Amino acid sequence: MGQVHSEILPGRVQNANMTDYSRAVSEFRWEDVEKEFSWFHTGKVNMAHEAIDRHVAEGRGAATALIYSDSAREERYTFADLQERSSRFGNVLRKYGIGKGDRVFIFMPRSPELYFSLLGVLKVGAVVGPLFEAFMETAVKDRLEDSGAVALVTTPELLKRVRHEELPELRHIIVVGAKADPEHGILSYEEETAAAAAELEPEWLTLEDGLIMHYTSGSTGKPKGVYHVQRAMIQHYYTGKIVLDLRPDDVYWCTADPGWVTGTSYGIFAPWLNGVANVVRGGRFSPQDWYKTIERFAVTVWYSAPTAFRMLMGAGLSSLQGIDLSSLRHVLSVGEPLNPEVVRWGDKIYNQRIHDTWWMTETGAQLICNYPGMDIKPGSMGRPLPGIEAAILDDRGNELPPYSMGNLAIRTPWPSMMGTIWNNKAKYDEYFRIPGWYISGDSAYMDDEGYFWFQGRIDDVINSSGERIGPFEVESKLIEHPAVAEAGVIGKPDVLRGEIIKAFISLREGYLPSMELKDEIAAFVKAGLSAHAAPREIEFKDKLPKTRSGKIMRRVLKAWELHLPAGDLSTIED
Ligand code: WT7
């Protein structure tokens, strides 16, 4: 990967607090963070205990923990309330023999019950797997099957997408908002929790025991189950403090759904480990609704994503009419590159500098960030946190000097690093192919002050509106459609969404290209996988470029799309 021409790059300004940063880095010890956990003294580990029960035990039980609202409900729960609700649910799981190490999945829209049950799963030492509500049949089945989930918490509507008869390991289904149906093995959340005891002694674990699984996409194969362990809490807590800058009186809002890692690491763990009031807004995105949420609950710290900020920017000043956002003290972003233009707009509109943060499902928590007290260079992801070492490596693992583009890599280990990829040690090992380093799959460069600048993905992974989509999963679904002979899927640059999914398709004999067919094929993917995995653009081709071994060359499709030279074609079929 080539040397970037340094004159044209931002980031060469003098940084006044460089010495403070160097000192923070050299004096940092993870052990100082660990000392703040109860297990440091007792040896008894459980995330739900540290995030919830511990606050009650230490006299903060009456503090607000959860502020939930949607168009139909508005409810507040204290830490004591969450302790009780999660204990009841934990007792339900124990009654059915579910405990340490079992995988329990939760498939439902945001609601207080989602949070109660997630904490209850953790209390009994089981590993929780939250699934995004937009997943359709195939996506749900793939994940439940691969994880060997023994129980599922869901709602009556979403239950229709669960093919439980095809999932022999799935022994218990607990439905929120329904009566029990013993004949079909359905338990009622309400009936069961009402009958359960309100106290529960958590299952005591070690730092290496399981915590949570999130499925995420790579460029090949089905989504992989990223398995995190209890140890991650050290970093959730620490980054909550130094990056989110959480303080006891804050009202914090992370807009991500718990179906994605941001919605758990930063929508559950970081705020509650820090004992802070956590706002959850159900329902769909709308600029008016979001601004009203900030105003109504006087949100002080707000963590969202570039796509959302771009949509808010697009909604213009009228969406801000009569709205008071002066409660905001700190605004952060994650998921995709944060455009400097958006940062400057935030300066003006929110009177806040939007702080970009970089991390991944696999890393479990933030690693490279703009955090309070440092100079922000718009367009940069920031600097590695004290305790984290990042570098740019060439493909052989040599560290490259500033302004050279290469593989963004992190020195192993760090507390929230994934424990494994479920059922797929080979995939896990690929990330660690260079001894001593985790290879992220992103390309970036570092400037001469240690700021990192994102350049792109090295593989074919698509990032649309901050959601990570594997082209293979979409292609596999496309070729299940009777009209589709072959399909190749790429990310096409898009101003609002970062990238959109574009599919190149060759049709089977007897099918003719038409607009209706495009719509039908897109709807087919939407119904089978999810709306965010459906191609927004489809182009029919007589033939797709393939290697001699039959692999569709997405790189060539992308070059077609961008009108760029296709590069090395020596392996192409003809
Ligand atoms: C990929 C990880 C864990 C956060 C949610 C996304 C991209 C993430 C940034 C950023 C540019 C970013 C990377 C990364 N990404 N944050 N600040 N600037 N790109 O998690 O779904 O696991 O995706 O998102 O490409 O590898 P994810």
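The values are calculated or read from the model by the stated rules, or taken from the named source; none is laboratory data. Please read all numbers here as calculations on a predicted model, not as lab measurements. Here the Cβ is made from the backbone with ideal geometry for all residues, glycine too, and neighbour counts use every protein chain on show.
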*asked:* Going through Glu145, Glu166 one at a time, which residue ends up being under 23 Å from the mean Cα position of the chain (by Cα) and at pLDDT 95 or above?
replied: Glu145
*asked:* So, Tyr77, is that one among the aromatic types (Phe, Trp, Tyr) and at pLDDT 95 or above or not?
replied: yes
_Looking only at segment 182-201, and only at residues there that are of a type in the set (Asp, Glu) and modelled with pLDDT of 95 or more, the one that is surrounded by the most Cβ atoms within 10 Å (Cβ to Cβ)_ = Glu192
*Would you mind finding the one in Tyr371, Tyr445, Tyr431 that is touching a residue at least 24 places away in the same chain (Cβ under 8 Å), within 30 Å of Glu295 (Cα to Cα) and within 16 Å of the ligand (Cβ to nearest atom)?*
Tyr371
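Looking only at segment 280-339, how many residues end up being among the hydroxyl-bearing types (Ser, Thr, Tyr) and under 23 Å from the mean Cα position of the chain (by Cα)?
Number satisfying all stated conditions: 8.
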*asked:* Show me the helices (runs of 4 or more DSSP H) entirely contained within segment 127-211 in which 1 or more residues are touching a residue at least 60 places away in the same chain (Cβ under 8 Å).
replied: 137-147, 189-195
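Looking only at segment 300-330, filter to residues that are assigned to a helix (DSSP H, G or I), of a type outside the set (Ser, Thr, Tyr) and within 16 Å of the ligand (Cβ to nearest atom); which one of those is surrounded by the most Cβ atoms within 10 Å (Cβ to Cβ)?
Out of the qualifying residues, it is Pro306.
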_Step by step: first the residues of segment 465-492, then only those that are within 28 Å of Ser404 (Cα to Cα) and at pLDDT 95 or above, then the one that is nearest to the ligand (Cβ to nearest atom). Which residue is that?_
Gly491
*asked:* Criterion first (surrounded by 19 or more Cβ atoms within 10 Å (Cβ to Cβ) and away from the ligand (no atom under 12 Å from the Cβ)) does Arg344 satisfy it?
replied: no
*Give Gly221, Gly267 a once-over and let me know the one that is more than 23 Å from Ile174 (Cβ to Cβ) and either in a helix (DSSP H, G or I) or touching a residue at least 12 places away in the same chain (Cβ under 8 Å) (or both).*
Gly221
*Would you be able to say whether some residue in segment 266-285 is on the phi < 0 side of the Ramachandran plot, within 12 Å of the ligand (Cβ to nearest atom) and modelled with pLDDT of 95 or more?*
yes
*Mind checking which pairs have a first residue in segment 534-558 that is under 17 Å from Val484 (Cβ atoms) and among the aromatic types (Phe, Trp, Tyr) and a second that is outside any loop (DSSP other than H, G, I, E, B) and modelled with pLDDT of 90 or more, Cβ under 9 Å, 6 or more apart or different chains?*
Phe540/Phe504; Phe540/Ile505; Phe540/Ser506; Phe540/Leu507; Phe540/Leu517; Phe540/Lys518
*Go through segment 403-428 and count every residue that is small (Gly, Ala, Ser), out of contact with any Asp or Glu (no Cβ under 7 Å at 6 or more places or on another chain) and within 15 Å of the ligand (Cβ to nearest atom).*
2
_Quick test of your reading of the structure: Met213 fulfils all but one of (1) more than 23 Å from His49 (Cα to Cα); (2) within 16 Å of the ligand (Cβ to nearest atom). Name the failing condition by number._
(1)
*Check on Leu338, buried (at least 20 other Cβ atoms within 10 Å of the Cβ), modelled with pLDDT of 95 or more and within 16 Å of the ligand (Cβ to nearest atom)*: no
*Out of segment 534-554, which residues are modelled with pLDDT under 95 and closer than 19 Å to Gly498 by Cβ?*
Arg554
*In segment 448-461, what residues are under 20 Å from the mean Cα position of the chain (by Cα), more than 9 Å from the ligand (Cβ to nearest atom) and in contact (Cβ under 8 Å) with a residue 60 or more places away in the chain?*
Asp459, Asp460
